[in-house]
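What follows is calculated from the coordinates using simple rules that are stated; it is not laboratory data. A quick note: this is a predicted structure, and the numbers were derived from the prediction, not measured. No Cβ is skipped: glycine too gets one built from the backbone with ideal geometry, and neighbour counts run over all protein chains shown.
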Amino acid sequence: MSSVQSVARAFDVLRAIAGEPAGVTEVAARTGLAKSTAQRLLGALAAAGAAERTEDGRWRVGPAVAALAAGPGTPGSLIAAARPVLIALAGATGEAAGLAIAEEGLVRYLDQVDSAQPVAVRDWTGSRLPMHPVSSGRVLLAARSQAAVARALGGPLERFTARTVTDPERLRAILAAVRRDGVAWTEDEYQEGISSVAAPIAGSGGEVVAAVHLHGPSYRFPGERPRAGFEDAVRDAAARIGARLRAG
């Protein structure tokens with residue numbers, strides 16, 4: 001099969017699961033492909049985050065497609081929608097505010113607005129990091145199906161600091177709390193001395209397409225300031241970015 005033909009068939013598979021989730025047999029019937037070909041293409045799309053399994057084993061469009069649809073370089077891009085909100089968030093909290101998406105099983109940071117604090121943190125724009133030790137990654141992972149979470153936590157998880165959580169059961173409990181509370185915290189888990197809190201951004205269909213986060217030096221963030229204030233700030237920022245996206 002030529003590379004062009006493979007791409008065309010992959011798009012056929014995406015179209016087949018875009019309207020309603022489907023099993024492999026149904027995808028094959030909708031596309032006219034052999035079942036083995038449909039299975040192989042679904043596996044390749046899943047590896048890229050473009051497809052994922054639902055809890056009942058059917059296939060649906062994955063978060064990478066939603067992120068691309070609202071991604072950088074389009075009039076209604078995530079960066080364009082988020083930038084004024086990030087500026088306001090950083091100004092209100094005194095900490096760096098950022099925007100991230102899921103990309104091929106990792107977190108990619110799209111934008112960052114630094115704080116005016118005398119001790120700044122690194123600009124992570126353009127970086128791609130593992131999901132499990134960062135707040136944006138946990139928010140994005142918590143929105144995935146159970147099957148997708150199982151795949152993400154199924155292999156050995158890298159430990160970056162002494163505080164990195166690598167136990168899958170602990171991480172599943174953390175993700176359950178993220179779904180309940182709508183925010184994720186990490187403290188000194190990816191890099192010593194850096195703490196972060198993130199909230200999910202919903203797209204037009206209610207699907208999570210990105211995350212907004214605050215991060216700063218652990219000695220002052222959150223420091224003696226109540227966590228609830230930062231949690232409310234990122235939730236509000238996420239809601240405003242989502243509203244701007246939906247408004248186009």
J(HN,Hα) series, segment 165-173, from Karplus relation 6.51 cos²θ - 1.76 cosθ + 1.60, nearest Hz, glycine and proline x: 7, 10, 6, x, 5, 5, 5, 4, 5
Dipole of the chain, positive direction: furthest Cα of Ser204, Ala142, Ser6, with charges on the beta-carbon: Ser6
DSSP bridge orientation in the chain - percent antiparallel, rounded to nearest 5: 100 percent
Rounded Å value of the spacing that divides the Cα centres of segment 151-183 and segment 1-52: 30 Å
Cβ-based net charge around Asp114, under 15 Å, with every Lys or Arg adding one and every Asp or Glu removing one: 0
Whole-angstrom Cα spans of the chain along principal axes, big to small: 60, 41, 32
Most fluctuating residue given options Gly98, Gly223, Gly126, as computed from a GNM of the chain linking Cα atoms under 10 Å: Gly223
Chain lengthening between Arg58 and Glu104 when straightened (0.36 nm per residue, less Cα-Cα): 14.6 nm
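Helix-only mean residue ellipticity at 222 nm, the chain, DSSP H runs n ≥ 4 weighted -39,500 (n - 2.57), per residue, nearest 500. What is it?
Mean residue ellipticity at 222 nm (helix-derived): -14000 deg cm²/dmol.
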Listed residues Ala143, Ala88, Ala46, most fluctuating in the chain (Gaussian network, C-alpha, under 10 Å): Ala88
For segment 222-227, 3J(HN,Hα) per residue [Karplus equation, 6.51 cos²θ - 1.76 cosθ + 1.60, θ = phi - 60°, Hz, x = Gly/Pro]: x, x, 8, 7, x, 4
Dipole axis of the chain (+1 Lys, Arg; -1 Asp, Glu on Cβ), positive-most option in Tyr219, Gly49, Ala88: Gly49
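Explain nothing, just the number: dipole magnitude of the chain about its Cα centre with +1 on each Lys and Arg Cβ and -1 on each Asp and Glu Cβ, in debye rounded to the nearest 20.
Details: 28 positive and 25 negative charges, 123 e Å.
Approximately 600 debye in magnitude.
As an exercise, use a Förster radius of 51 Å and the Cβ-Cβ distance of Thr25 and Ala116 to find the FRET efficiency, rounded to the nearest 0.05.
Details: r = 58 Å, r/R0 = 1.13.
Once rounded, the FRET efficiency stands at 0.35.
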Label-point separation, Arg225 to Arg128 (7 Å along Cα→Cβ), nm: 3.3 nm
Extension gain (nm, one decimal) between Glu187 and Ser36, 0.36 nm per residue minus Cα-Cα: 49.9 nm
Of Arg180, Arg144, Arg128, the one that fluctuates the most in a GNM where the chain has Cα springs shorter than 10 Å: Arg180
Shape metrics for segment 3-61, restricted to C-alpha atoms - Rg then Dmax, Å: 10.0, 32
Highest-first arrangement of 169-177, 199-207, where packing means the average Cβ count within 10 Å: 199-207, 169-177
Principal semi-axes in Å for segment 72-187 [√(5λ), Cα gyration tensor, largest first]: 26, 17, 13
